[in-house]
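Undergrad: Below is the structure I would like to discuss, written out as structure tokens.
All of the numbers you see were taken from the coordinates with simple rules; none came from a lab. Note that the structure is a prediction, hence the values are computed from the model and not measured. Backbone-built Cβ (ideal geometry, glycine too); neighbour counts: all protein chains shown.
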Amino acid sequence: MRRLVSASSSPRAAGDPEVERGIVDLFADLAEAFGFPRSYGQIYGLVYASPRPLSFTDIQQRLRASKGSVSQGLRALRTAGVIRPADGPDWRREHFVPETELRQLIGGFVEGSVLPRLEKGAKRVAKLKARARLDRTATEEQQIVAARIEKLNQWHRKAAELLPLAARFLG
């Protein structure tokens, strides 16, 4: 995704373009830090920085992004519950506003992204456990690997229990 178009080039822009750019870059960096596409953070950052609801076209033009990138990003952000539809100035287009409550952001992130990955990971660990099942002829190296797989299994169980509680606590 290219750099944000300057605020002066858009009649929708309000406020300081450097502040807006800073917010977009901040969320882009956070998205990358958590393993998400940078574009998701840019989209969320732009919607967050805007005092008015933004349409798909507004987002695409302001970020100079492809339709596919914006479409995929908006879909992912809606699924995670970090943006939501809102009434905008053009009733024919769908507009978006950010979710700004920390509880909703973390809850959406945990429920929409982390827990599904943990569930998928738990299935993979279960397969690894079955494959690494030990018998009386297991070597010391096989025993070490089996113990580490069991540790992974414990981590997954604990994370699946604690993350929803942490998300509620932070809200």
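Undergrad: How large is the charge dipole for the chain, taken about the Cα centre, if only the Cβ atoms of Lys, Arg (+1) and Asp, Glu (-1) carry charge, to the nearest 20 debye? Let's see the in-between values first.
TA: Working: 29 positive and 19 negative charges, 155 e Å.
That gives a dipole near 740 debye.
Undergrad: Could you tell me the relative contact order of the chain? Use alpha-carbon pairs under 8 Å, at least six residues apart, and round to a whole percent.
TA: Values: 208 pairs, mean separation 29.5, N = 171.
It comes to 17 percent, rounded to a whole number.
Undergrad: Got the relative contact order for the stretch 102-170 handy, in percent, Cα pairs under 8 Å and 6 or more residues apart?
TA: Numbers: 36 pairs, mean separation 37.5, N = 69.
Relative contact order comes out at 54 percent.
Undergrad: Here is a follow-up. Can you check what the net charge comes to around GLN72, using other residues whose Cβ is under 14 Å from the Cβ of GLN72 (Lys, Arg +1; Asp, Glu -1)?
TA: On the way: positive: ARG38, LYS67, ARG75, ARG78; negative: none.
The answer is +4.
Undergrad: For PHE34 and LYS129, FRET efficiency with R0 = 35 Å and r from the beta-carbon atoms, rounded to 0.05? Mind showing how you got there, number by number?
TA: Values: r = 28 Å, r/R0 = 0.79.
E between LYS129 and PHE34, to the nearest 0.05, is 0.80.
Undergrad: Got a sec to turn the phi values of the stretch 137-147 into Karplus ³J(HN,Hα) couplings, 6.51 cos²θ - 1.76 cosθ + 1.60 with θ = phi - 60°, whole Hz, x for Gly and Pro?
TA: My calculation for the stretch 137-147 gives 9, 5, 7, 4, 4, 5, 5, 5, 5, 4, 5 Hz in order.
Undergrad: If you plug each phi of the stretch 46-60 into the Karplus form 6.51 cos²θ - 1.76 cosθ + 1.60 with θ = phi - 60°, what whole-Hz ³J(HN,Hα) values come out, in order, with x for Gly and Pro?
TA: Once rounded to whole Hz, the list reads 5, 5, 5, 6, 7, x, 10, x, 10, 8, 3, 5, 4, 5, 4.
Undergrad: Further question on the same structure: Can you give me the long-range amide H partners of ARG84? Hydrogens built in the peptide plane at 1.01 Å from N, cutoff under 5 Å, separation of 5 or more residues or another chain.
TA: Under 5 Å from the amide H of ARG84 lie the amide H atoms of VAL97, GLU99, each far enough along the sequence or on another chain.
Undergrad: Another question, if that's okay. For the chain, how many pairs of lysine residues have a Cα-Cα distance under 25 Å, where the two are 8 or more positions apart or belong to different chains?
TA: Lysine pairs meeting the criterion: 9.
Undergrad: Applying 1/(1 + (r/R0)^6) with R0 = 41 Å to the Cβ-Cβ distance of ARG103 and GLN154, what FRET efficiency is obtained, to the nearest 0.05?
TA: On the way: r = 28 Å, r/R0 = 0.68.
The computed FRET efficiency comes out at 0.90.
Undergrad: Let me ask another. How compact is the stretch 7-98 by the rule of thumb for globular proteins, expressed as Cα Rg over 2.2 N^0.38 Å? Kindly include the intermediate steps, with their values, before the conclusion.
TA: On the way: Rg = 12.1 Å, N = 92, 2.2 N^0.38 = 12.3 Å.
Dividing the Cα Rg of the stretch 7-98 by 2.2 N^0.38 Å gives 0.99.
Undergrad: Moving on. Show me the trypsin sites (Lys or Arg not before Pro) within the stretch 38-141 that DSSP assigns to loop and that have at most 13 other Cβ atoms within 10 Å of their Cβ. All intermediate terms of the calculation are to be shown ahead of the outcome.
TA: On the way: sites: ARG38, ARG62, ARG64, LYS67, ARG75, ARG78, ARG92, ARG93, ARG103, ARG117, LYS120, LYS123, ARG124, LYS127, LYS129, ARG131, ARG133, ARG136; in loops: ARG64, ARG92, ARG93, ARG133, ARG136.
Counting only loop positions with at most 13 other Cβ atoms within 10 Å, the trypsin sites (Lys or Arg not before Pro) in the stretch 38-141 are ARG64, ARG92, ARG93, ARG133, ARG136.
Undergrad: Please turn the phi angles of the stretch 154-163 into ³J(HN,Hα) values with the Karplus equation 6.51 cos²θ - 1.76 cosθ + 1.60 (θ = phi - 60°), one per residue in order, whole Hz, x for glycine and proline.
TA: Coupling constants for the stretch 154-163: 5, 4, 4, 4, 5, 5, 5, 7, 7, 4 Hz.
Undergrad: On each of the three principal axes of the Cα atoms of the stretch 82-171, give max minus min coordinate, whole Å, ordered largest first.
TA: 72, 29, 14
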